[in-house]
Amino acid sequence: MLLKLKGKLNRDLLGELTRFAVCGVANTATCFVLLFVLTSVDLNVWLASFFSYGIATVQSFFLNKSWTFRAAKTSSQFTQFVLLNVVSALVFSSLTDCLTSIITLFPAAVFATGVSMLVNFVAMKLIIFKKAAHV
């Protein structure tokens, strides 16, 4: 019985991770397209990355809430999600900006995305979209 429950939990987590990754690809594509368009018209890298990250964040909330974590609605979710992503946007923008002094924009943005992605999954899973305990 315990092994069956553990197997289900592992499948559930794997499903969430897979859906999170698919959403992440869509969100990253949105972010990167905007980032490269905005920097191509000479917008400052930090501002361009912050704006593109913000647009992708709104998209991410709706995809992750409804599909990845299939979370019930609570009034605080969007606020928590925005606060998490403000922190992540600052990390992403600062890392991207700092790293472009030693590497080109694309690898800098990829690395910064990886750091932000890890922080976001853990916070969404454990705090924002946590499932109620079944009794």
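The values are calculated or read from the model by the stated rules, or taken from the named source; none is laboratory data. Just so it is clear, the structure is predicted and the values come from calculations on it, not from any experiment. Reconstructed Cβ throughout: ideal geometry from the backbone, glycine too, with neighbour counts over all protein chains shown.
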message = For ASP42, only one of the following conditions fails: (1) at negative phi; (2) without any contact (Cβ under 8 Å) to a residue 24 or more places away in the chain. What is its number?
response = (1)
request  = Only residues that are among the hydrophobic types (A, V, I, L, M, F, W, C) and either under 17 Å from PHE36 (Cα atoms) or part of a helix (DSSP H, G or I) (or both): list them for the range 47-72, please.
outcome  = LEU47, ALA48, PHE50, PHE51, ILE55, ALA56, VAL58, PHE61, PHE62, LEU63, TRP67
request  = Can you give me the number of residues within the range 73-130 that are closer than 19 Å to ARG19 by Cα and of a type in the set (Ser, Thr, Tyr)?
outcome  = 2
request  = Out of the residues in the range 83-109 that are surrounded by fewer than 15 Cβ atoms within 10 Å (Cβ to Cβ) and of a type in the set (Val, Ile, Thr), state the one that is nearest to SER40 (Cα to Cα).
outcome  = THR104
request  = Pull up the range 93-135, narrow it to residues that are under 18 Å from SER60 (Cβ atoms) and of a type in the set (D, E, K, R), then point me to the one that is modelled with the highest pLDDT.
outcome  = LYS125
query = Taking ASN64, is it under 26 Å from ARG11 (Cα atoms) and surrounded by 20 or more Cβ atoms within 10 Å (Cβ to Cβ)?
reply = yes
query = Here are PHE92, PHE111, PHE51, PHE78: which of them is closer than 26 Å to ASP12 by Cβ, of a type in the set (Phe, Trp, Tyr) and touching a residue at least 12 places away in the same chain (Cβ under 8 Å)?
reply = PHE78
ask   = Which one of the conditions (1) assigned to a helix (DSSP H, G or I); (2) under 20 Å from LEU126 (Cβ atoms) does SER75 fail to meet, given that it meets all the rest?
value = (1)
task = Give LEU13, LEU17, LEU43, LEU95 a once-over and let me know the one that is more than 15 Å from PHE121 (Cβ to Cβ) and part of a helix (DSSP H, G or I).
result = LEU95
